[in-house]
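Following: one structure in structure tokens, then a few remarks.
The values are calculated or read from the model by the stated rules, or taken from the named source; none is laboratory data. Only a predicted model underlies this, so the values are computations on that prediction, with no experimental measurement involved. Ideal geometry is used to build each Cβ from the backbone, glycine not excepted, and the neighbour counts take in all protein chains shown.
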Amino acid sequence: MQTIDDLKKETVKNLVRRAKELGIRGRHKMIKQSLIAAVLSAMRVAKNRIIANAVAGTPIAFQLNKRNVFLSARIIDNNFDIQSLQVETKSGKMYTIKYCKVIWVKTGKRWPSGVYQLLIRSKPVVDDGTKT
């Protein structure tokens, strides 16, 4: 997902085009700051919709904590009411994560290169919670 800094670097023309892709109405009358806010909001809604529709067995990537540890896992259960996922890593470790910690949900055939790079640069976590 693009950050606010990424969007600030975009031209108004590109922001209007992105707003059109996201179905934002009134985009032609908006100033740049309003376009950025509308695009970010629409992207957040779209991301939450994708996560909410993800079924058990779907691969995801998520941020484990604020220390920039990223992991991949498969969804075990999706709790829409509290917007959280029960996931299991390849090693069998179970986590309950909030939707806001999900950075990617498999919707196609491949891992995006940016997500893949985050995962391989992230330091692995041992089951007792310490880094290796």
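Could you check, for region 42-50, whether at least one of its residues is outside the structural domain of Gly114 (by TED's automatic domain parsing), among the β-branched types (Val, Ile, Thr) and touching a helix residue (DSSP H, G or I) at 6+ places or on another chain (Cβ under 9 Å)? Among the residues of region 42-50, not one is outside the structural domain of Gly114 (by TED's automatic domain parsing), among the β-branched types (Val, Ile, Thr) and touching a helix residue (DSSP H, G or I) at 6+ places or on another chain (Cβ under 9 Å), which makes the answer no. Considering Val69, Val87, Val125, the condition of being over 26 Å from Asn14 (Cβ atoms), at pLDDT below 85, buried (at least 17 other Cβ atoms within 10 Å of the Cβ) and of a type outside the set (S, T, N, Q) is satisfied by Val125 alone. Taken together, the criteria place Ala42 among residues that are in a helix (DSSP H, G or I), more than 20 Å from Tyr116 (Cα to Cα), of a type outside the set (S, T, N, Q) and touching a Gly at 6+ places or on another chain (Cβ under 8 Å). Would it be correct to say that Thr3 is in contact with a strand residue (DSSP E or B) (Cβ under 9 Å, 6 or more places away or on another chain), without any contact (Cβ under 8 Å) to a residue 60 or more places away in the chain and under 23 Å from Ile120 (Cα atoms)? Spelling it out, it is not the case that Thr3 is in contact with a strand residue (DSSP E or B) (Cβ under 9 Å, 6 or more places away or on another chain), without any contact (Cβ under 8 Å) to a residue 60 or more places away in the chain and under 23 Å from Ile120 (Cα atoms).
Kindly indicate whether Arg44 is within 26 Å of Ile97 (Cα to Cα), within 21 Å of the chain's Cα centre (by Cα) and loosely packed, with under 12 Cβ neighbours inside 10 Å. So Arg44 fails the test. For region 69-78, indicate whether the set of residues that are under 25 Å from Arg121 (Cα atoms) and without any contact (Cβ under 8 Å) to a residue 12 or more places away in the chain is non-empty. Taking every residue of region 69-78 in turn, none turns out to be under 25 Å from Arg121 (Cα atoms) and without any contact (Cβ under 8 Å) to a residue 12 or more places away in the chain. Within this structure, Arg74 passes the test of being surrounded by fewer than 18 Cβ atoms within 10 Å (Cβ to Cβ) and modelled with pLDDT of 90 or more. Just one of the listed residues (Ile60, Ile24, Ile51) is over 30 Å from Glu88 (Cβ atoms), of a type in the set (A, V, I, L, M) and out of contact with any Gly (no Cβ under 9 Å at 6 or more places or on another chain), namely Ile24. The combined condition, being surrounded by fewer than 12 Cβ atoms within 10 Å (Cβ to Cβ) and either touching a residue at least 12 places away in the same chain (Cβ under 8 Å) or within 14 Å of the chain's Cα centre (by Cα) (or both), is not fulfilled by Lys29.
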